[in-house]
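S.K.: For reference, the structure I am asking about is given below.
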């Protein structure tokens, strides 16, 4: 949580020291953070960090560890000054509702490595790095930002329903017309560590002014995981759930006939059917697997041949 001891290995963290999100009011000093301890923002950033694996693993073609560092609040000019010099992509993401815009800030080297992978390469960036993005590289930066907006929206959903629209990529923070050096910013820094590769960092930066319409939700307490349920109650619930009955059925065949033939049917007519060796076994609307038709204890029965893998989404 905010200002707590970091759980990420020190080797994976940036060496540059960063100021804490905790702000002590002093006479004559402006309060950069009107949202208190920022537990809610740290919580949703943790949710986003978990989902970033689904964005970067297909892109980088290898397993990825992802985490979020403790949130900090600082002046925009200070944030820009602390970044290492070099090629950087600054991507505004308009927040709707409201008139604010978050920023995705990504190292240019990482974007160029992703571009090389996209075109079938091994993930190498040119050395030295160019002074600006090519049209293809700029498209890649926007592509990364676009793929993040979905998980970002989902991470925010328990707090506030916000849509994020990706804007144009800027090479210099001074080109961001709506931001001033004295603007207070909330910085969430995400670590992305592909297997066997030094981690890279991607920042999501929120202007404090743009988050003020969502202030009541941000200041609300985050409800963490509740205490473990009482064992007797949990066992009773489990027994009740295990007693729920489901209809299991199998469709041997579904022949088709014309309307004319259907109207001519009389008692005793035979409708020919055919089916393969295996027939489907259904539970509700889900396919449980396949089986072989036979008999058991003098009754028709189906012997299970293969069970399908059921995903959790099938039960939503």
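Taken together, the values in this text are just the output of simple stated rules run on the coordinates, not laboratory data. Values in this document were obtained by computation on a predicted structure and should not be read as measured data. All Cβ positions, even for glycine, are placed from backbone atoms using ideal geometry, and neighbour counts span all protein chains on display.
S.K.: For region 120-241, calculate the relative contact order in percent as a whole number, restricting contacts to Cα pairs under 8 Å that are 6 or more residues apart. Show your work: numbers first, answer last.
M.R.: Working: 64 pairs, mean separation 19.5, N = 122.
Worked out over region 120-241, it gives 16 percent.
S.K.: Once R0 is set to 45 Å, what does the formula 1/(1 + (r/R0)^6) return for the Cβ-Cβ distance between residue 118 and residue 234, expressed as a FRET efficiency to the nearest 0.05? Walk me through the numbers before you get to the answer.
M.R.: Values: r = 48 Å, r/R0 = 1.07.
Efficiency for this residue pair is about 0.40.
S.K.: Is any residue of region 180-208 close enough, with backbone N under 14 Å, to a label point placed 7 angstrom from the Cα of residue 127 along the Cα-Cβ axis, and if so, which?
M.R.: Only 198 fall inside the zone, counting backbone N under 14 Å.
S.K.: What order, most packed first, do the peptides 275-287, 93-105, 230-242 have when packing is the mean number of other Cβ atoms within 10 Å of each residue? Write down the numbers at each step before the final one.
M.R.: On the way: 275-287: 13.1, 93-105: 19.1, 230-242: 9.3.
Going from most to least packed, we get 93-105, 275-287, 230-242.
S.K.: Within 10 Å, count the other beta carbons around each residue, average over each peptide in 159-166, 181-188, and list them highest first. Don't skip to the end; give the middle numbers.
M.R.: Numbers: 159-166: 16.9, 181-188: 19.2.
Per-residue mean Cβ counts within 10 Å order the peptides as 181-188, 159-166.
S.K.: With r defined as the distance between the Cβ atoms of residue 247 and residue 277 and R0 fixed at 25 Å, what FRET efficiency is calculated, to the nearest 0.05? Don't skip to the end; give the middle numbers.
M.R.: Numbers: r = 24 Å, r/R0 = 0.97.
For R0 = 25 Å, the calculated efficiency reads 0.55.
S.K.: Just need the relative contact order of region 24-219 here, percent rounded to a whole number, with Cα pairs under 8 Å and 6+ apart. Numbers along the way, then the final one.
M.R.: Numbers: 334 pairs, mean separation 65.0, N = 196.
In percent, rounded to a whole number, it is 33.
S.K.: State the extension gain, in nm to one decimal, for the chain segment bounded by residue 78 and residue 212, taking 0.36 nm per residue of separation less the distance between their alpha-carbons. Mind dumping the intermediate values first?
M.R.: Details: separation 134, 0.36 × 134 = 48.24 nm, distance 2.11 nm.
Stretched out fully, the residue 78 to residue 212 stretch lengthens by 46.1 nm.
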